[in-house]
Amino acid sequence: MSNPSTSFGQSPPHHGSLLIHPPAQAGLPSNAVASKKINTKDIQGDILVGIKKAKESFLFFQITNSNSFRSKLGKQIYSRVTSVAQLLADPSQQPTTALNIAFSQAGLTAMGIFDPIGDSDFSGGQFGAAGTLGDNTTNWDPAFTSGQVHGVLMFISNTTDNINSELNEVQSMLSDCITPIYRLDASARPGAYQGHEHFGYMDGIGQPNVDGFGAAQPGQTTVPLGTIITGETGDNTFGRPSWTVGGSFLAFRKLQQLVPEFNKFLSDNAISMPGMSQEQGAELLGARMIGRWKSGAPIDLTPLADDPVLAADPTRNNNFDFTHPGFDLTSDQSHCPFTAHIRKTNPRADINPQNIINHIVRAGIPYGDEVTADEADSNKTNALLFKVSYQSSIANGFVFQQQNWANNVAFPPGKNVSQPGFDPIVGENGGQSRVVTGLYPDNASQSLTMPMDFVISRGGEYFFSPPISALKGRLSGGFSF
């Protein structure tokens with residue numbers, strides 16, 4: 001078996017860590033620390049470890065033989081699924097390739113599982129509600145419009161060969177009971193760009209601290225475990241089946257990033273200030289649209305120039321809340337625009353008290369080669385981001401952030417301008433143009449129209465990532481192993 005489970009006392013060969021550790025991102029706790037409050041052996045690894053992945057492949061599948069699939073889930077797949085505890089282990093004790101699995105509502109139905117698990121967005125599926133997210137569904141890949149995606153297998157490793165070996169082995173095991181629908185391969189960007197998404201900005205800095213999963217860094221919001229994990233303290237949905245305790249809802253989005261188009265827009269609309277070149281003005285505009293410089297340094301702390309030293313320090317790069325002595329929170333955009341992406345999706349002091357139930361753990365990863373010179377010259381590229389988020393309630397998590405924050409032109413509330421505008425990065429308007437204000441520090445009332453979406457949804461689905469124990473229990477249908 002290429003991916004033995006350390007839960008059963010087997011020690012996998014040492015192939016280096018499966019995870020990446022960009023200095024700007026907060027570190028992970030040891031399992032000794034995390035397991036004091038959290039059942040790290042029963043929670044699938046990707047849920048809490050999140051964005052720190054070197055390479056990942058997603059295999060979306062349809063269940064064609066329910067009895068066979070459920071039997072093999074308990075007999076063969078269960079022991080290969082990787083827990084949080086295994087990913088927090090020393091690299092020498094990590095599996096060669098980590099495996100996680102999640103199911104759509106259609107998948108649970110195909111398995112004969114009709115237990116209501118307490119999430120209407122999950123039950124309805126993402127495609128049916130795509131319009132409410134602002135998606136133009138004509139852009140969606142057919143795989144996500146067919147209703148045939150019953151589940152997803154996620155393979156995480158530090159080499160493509162490792163992933164292919166494990167994927168082929170698992171697919172062979174399940175060959176009589178599933179049909180592969182779609183495979184997507186992704187990896188962290190190389191070298192100095194590791195941890196950055198395709199627009200060039202360091203990602204994953206603003207993750208919440210999950211209570212019990214290590215100590216919070218200064219400025220990092222701590223959320224109850226149940227904000228992310230079903231059935232735990234802070235999960236406000238009651239009456240879920242007992243087998244769901246330790247699971248999480250996965251919102252998957254395939255997002256295309258128009259990198260050269262984005263860069264051209266920045267250059268064409270560069271901020272003009274005394275002593276600032278056009279290139280510097282374009283960099284400043286991009287930083288104000290994102291809310292961070294490409295290094296990850298927050299513009300709220302360093303509004304006019306990047307500070308890579310600050311960016312690389314997790315004790316400082318999250319320690320802000322958009323308030324400044326002598327400045328009015330209702331009108332000050334000199335530090336950070338009201339519409340900056342990181343402010344729209346994590347409003348900090350703009351909401352009082354801070355609404356912790358709307359936080360998610362992000363576990364996305366880039367897809368696609370680096371932008372070539374030809375692509376840059378043609379202002380067209382095929383860079384993608386697979387956005388993966390985990391939460392105990394899709395309505396309170398991903399959907400709330402997209403509908404009520406990113407797409408809501410009146411958010412954040414209580415400002416001196418009634419409609420600050422869309423999130424310029426992920427805000428959606430059904431493919432129509434979007435208006436944003438506050439991007440120009442010397443003229444906050446000046447609006448800027450985004451003539452296109454720089455991030456285009458190509459589809460997605462909602463899944464439930466069950467606790468590992470459920471794979472050999474309720475979901476295997478009582479088949480022995």
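Observations
- Within the range 52-70, residues that are more than 28 Å from S17 (Cα to Cα) have Cβ atoms under 8 Å from residues that are surrounded by 20 or more Cβ atoms within 10 Å (Cβ to Cβ) and of a type in the set (F, W, Y) in these pairs: I63/F69, counting only partners at least 6 apart in sequence or on another chain.
- Taking the listed residues P347, P325, P337, P308, the one that is modelled with pLDDT of 95 or more and within 22 Å of the chain's Cα centre (by Cα) is P347, with no other qualifying.
- The set of residues in the range 109-127 that are assigned to a loop (DSSP other than H, G, I, E, B), of a type in the set (D, E) and surrounded by 21 or more Cβ atoms within 10 Å (Cβ to Cβ) contains only D119.
- Residue under evaluation Y201, criteria (1) farther than 17 Å from T345 by Cα; (2) touching a residue at least 60 places away in the same chain (Cβ under 8 Å), criterion not met: (1)
- Taking the range 13-61 as the range and being modelled with pLDDT of 95 or more and of a type in the set (S, T, Y) as the test, the residues that pass are S30, S35, T40, S57.
- Test: residue in the range 107-120 that is in contact (Cβ under 8 Å) with a residue 60 or more places away in the chain and aromatic (F, W, Y): no
- Residue match in the range 230-238 (condition: of a type in the set (D, E, K, R) and within 24 Å of I101 (Cβ to Cβ)): yes
- Note on the range 385-434: among residues that are small (G, A, S) and out of contact with any helix residue (DSSP H, G or I) (no Cβ under 9 Å at 6 or more places or on another chain), the one that is surrounded by the fewest Cβ atoms within 10 Å (Cβ to Cβ) is S418.
- Tallying residues that are closer than 14 Å to V455 by Cβ and not charged (D, E, K, R) within the range 418-429 yields 6.
- Options A102, A98: the member that is within 28 Å of R458 (Cα to Cα) and over 17 Å from the mean Cα position of the chain (by Cα): A98
- Residue match in the range 181-189 (condition: surrounded by 18 or more Cβ atoms within 10 Å (Cβ to Cβ), of a type in the set (K, R) and in contact with a strand residue (DSSP E or B) (Cβ under 6 Å, 6 or more places away or on another chain)): yes
- Selected residue (criterion: nearest to N407 (Cα to Cα)) from residues of the range 335-366 that are part of a helix (DSSP H, G or I) and of a type outside the set (A, V, I, L, M, F, W, C): K344
- Residues considered: G239, G219, G234, G281. Of these, the only one that is free of Cβ contacts under 8 Å to residues at least 60 places away in the same chain and of a type outside the set (A, V, I, L, M) is G281.
- Any hit, the range 393-414, residues being β-branched (V, I, T), under 16 Å from the mean Cα position of the chain (by Cα) and over 14 Å from N358 (Cβ atoms): no
The values are calculated or read from the model by the stated rules, or taken from the named source; none is laboratory data. Since the structure is predicted, the reported quantities are computational estimates derived from the model, not experimental observations. Neighbour counts run over all protein chains shown; Cβ positions are idealised from the backbone, glycine included.
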